[in-house]
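Structure, as structure tokens:
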Amino acid sequence: MDNFAKRMKMLRKQMGLNQTQLAERMGTSKSMISYYENQDRSPSPEILIKLSTIFHVSTDYLLGLESEQVLKVSNLSEDDIEFVKLTIEKLSKKDNKQ
């Protein structure tokens, strides 16, 4: 569960959320978020699904079974998907130049 704790904390910070804010979105307490991030407790399947929905990642990514984040684009139009692809490509090229 080491991967889960690290990824959960990283994703929470990327979204600019503190533990209390994430707990409110999850309908749980700040202490439960802390337990998960400190590996004191393991999340239930229901918690994993909630987190994957909030963070827009797969449960496999949260658990460390996937090495890359997967973007869910099923609700986007073809034009929107193309825009996202082009944006990711541009950002990747930018990161490689640094």
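Axis angle, to the nearest 10 degrees, between helix 78-97 and the longest C-alpha principal axis of the chain: 90 degrees. With only Cα atoms counted, the chain has Rg and Dmax values of 15.3, 44 Å. Using a Gaussian network model of the chain with C-alpha springs under 10 Å, which one of 87, 28, 59 is most mobile by mean-square fluctuation? Comparing 87, 28, 59 in the GNM, the peak value goes to 87. Rounded to the nearest 10 degrees, the inclination of helix 45-55 to the longest alpha-carbon principal axis of the chain is 40 degrees. Straight-line reach from residue 50: taking Cα to Cα under 17 Å and skipping same-chain neighbours fewer than 8 places apart, the aspartates and glutamates in range are 24, 37, 60.
GNM remark for the chain: springs join alpha carbons under 10 Å apart, and the peak mean-square fluctuation among 51, 65, 86 falls on 86. Averaging 1/r across all pairs of distinct Cα atoms in region 21-60 and inverting the result yields a Kirkwood radius of 10.3 Å. How far is helix 2-14 tilted off the main Cα axis of the chain, in degrees rounded to 10, range 0 to 90? On a 0 to 90 degree scale, this one is about 60. Between 50, 85, 30, the GNM of the chain built on Cα springs shorter than 10 angstrom shows 85 fluctuating the most.
Quick note: the coordinates plus some simple rules give every number you see, no bench work behind them. Remember, predicted model here, so these are calculated numbers, not experimental data.
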